[in-house]
Amino acid sequence: MKNVYIFLADGFEPLEAVAPMDILRRGGIEARFVSVTEERLVKSTQGFSIPAHLTWTEFTAEADTNGNEGCMIFPGGLPGSDRLGGHKELMELMKGHYRKGGLTCAICAAPARVLAANLGEELSGRKMTVYKGMEGELQSRGLTYTGARVEKDGNLICGEGPGLAIEFGLAVLRALAGEDVYLKVKAGMLL
């Protein structure tokens, strides 16, 4: 599997970035962190930084914007989700990826502030979950808020928040690598 990216902006929730990365790597998927700036170190909500594999320029130089293979993952956290959702170039890439059927994943605040805020009516009727208290941001755009811990609807996977980062990562792994890999990784993690 190629083109699996986890996008980071200052103010991201670290569990929601690191847990999916760990799980995907355990499943043999070479996911990579992408900084949405030219700074390789991206500062989390807790004040520590994580190095990205790719800066924004490095990512755009290699991104395959014509295919739908792979996955785009958006961790939550504030103001990180707002920074991701407000990054015009990234949002144009995300829209194209989603419209072509590419797996598009978000957790915590990101389902509202990245996906719903930028795809709007295109998501009408889709089932999604989001951090508790933000469900109105989905419902006001015609989405069905399920309140599930993790929700998969077609090429969308959403998670509720930091405590569900492992469950969210496993759902992404299952969608990308299939049931056998998912079960093997889950068992190996004693889940």
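Points worth noting:
- The stretch 101-146 - residue that is at positive phi and at pLDDT below 95 and, of those, least open to solvent (accessible area, probe 1.4 Å): Gly120
- Of all the listed residues (Gly169, Gly125), the sole one being small (Gly, Ala, Ser) and in contact with a helix residue (DSSP H, G or I) (Cβ under 7 Å, 6 or more places away or on another chain) is Gly169.
- Among the residues making up the stretch 18-43, those that are open to solvent by less than 10 Å² (accessible area, probe 1.4 Å) and free of Cβ contacts under 8 Å to residues at least 60 places away in the same chain are Ala31, Val34, Ser35, Val42.
- Considering Gly28, Gly47, Gly77, the condition of being within 13 Å of the chain's Cα centre (by Cα), part of a loop (DSSP other than H, G, I, E, B) and of a type outside the set (Val, Ile, Thr) is satisfied by Gly77 alone.
- Residues located in the stretch 139-162, provided they are more than 16 Å from the chain's Cα centre (by Cα) and not in a strand (DSSP E or B): Gln139, Ser140, Arg141, Gly142, Leu143, Thr146, Gly147, Ala148
- In summary, Tyr98 fulfils each of the numbered conditions (1) of a type in the set (Ser, Thr, Tyr); (2) crowded, with 22+ Cβ neighbours inside 10 Å; (3) part of a helix (DSSP H, G or I) with the single exception of condition (2).
- Residue selected from the stretch 66-92 under the condition at pLDDT below 95 and open to solvent by less than 30 Å² (accessible area, probe 1.4 Å), by the criterion nearest to Glu160 (Cα to Cα): Gly70
The values are calculated or read from the model by the stated rules, or taken from the named source; none is laboratory data. Quick caveat: nothing in here was measured; it's all calculated off a predicted structure. As a convention, Cβ positions derive from the backbone with ideal geometry for all residues, glycine included, and neighbour counts pool all protein chains shown. Please note that ligands, DNA and RNA were not included when accessible areas were found on the heavy atoms of the full protein model with its side chains. Shrake-Rupley method; radii C 1.70, N 1.55, O 1.52, S 1.80 Å.
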